[in-house]
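Notes follow once the structure below has been shown.
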Amino acid sequence: QVQLVESGGGLVRAGGSLRLSCAASGSIFSINAMGWYRQAPGKQRELVATITGGGNTNHADSVHGRFTISRDSAKNTVYLQMSSLNPEDTGVYYCNADIVSAWFSTGHSYWGRGTQVTVSS
């Protein structure tokens, strides 16, 4: 079994910052790409940022220059540093990871339960 657990969400004023963390645990042989997605009320889940196993990153245009994704492979953890937050960033933020559970397995996509981020104006 594999678990992804997010933390670091909360309530912040516009212009503020938050740092999200997501730790993977369980039966893990290796982790390929990891990423953050978010879902605002009444909207579809959208990509925020991804990072490959080699450290290559991709950020959505809406967060480019304000958010930064990073990872600590030794800790099986991915981070999302969020700055200059605005009310449009409000939503539930989900962690996703492509995890290989054994040397003979292929990757499987796992999701965390999400952490709420609320930005007040």
Fill in the blank from the handout: Charge dipole of region 21-121 built from unit charges on the beta carbon (Lys, Arg +1; Asp, Glu -1), centred at mean Cα; most positive-end Cα among 26, 105, 86 is 26
Completion exercise
Residues meeting the amide H criterion for residue 16 (H placed from the backbone, H to H distance under 5 Å, 5 or more places apart or on another chain) are 85
Exercise for the section: Could you calculate, for the chain, the ratio of the Cα radius of gyration to the Kirkwood radius, expressed as Rg to Rh? Expected result: 0.98
Handout entry: Lys, Arg +1 and Asp, Glu -1 on Cβ, resulting dipole of the chain about Cα centre, debye, nearest 20
Key = 180 debye
Problem - Per-residue HN-Hα couplings for region 80-85 [Karplus 6.51, -1.76, 1.60; θ = phi - 60°; Hz; x = Gly/Pro] - result: 9, 8, 10, 10, 6, 5
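Since every read-out is calculated from the coordinates, none of them should be taken as a lab result. Fair warning: this is a prediction, and the values are worked out from it, not measured in the lab. Glycine gets a Cβ as well: all are built from the backbone with ideal geometry, and neighbour counts include every protein chain shown.
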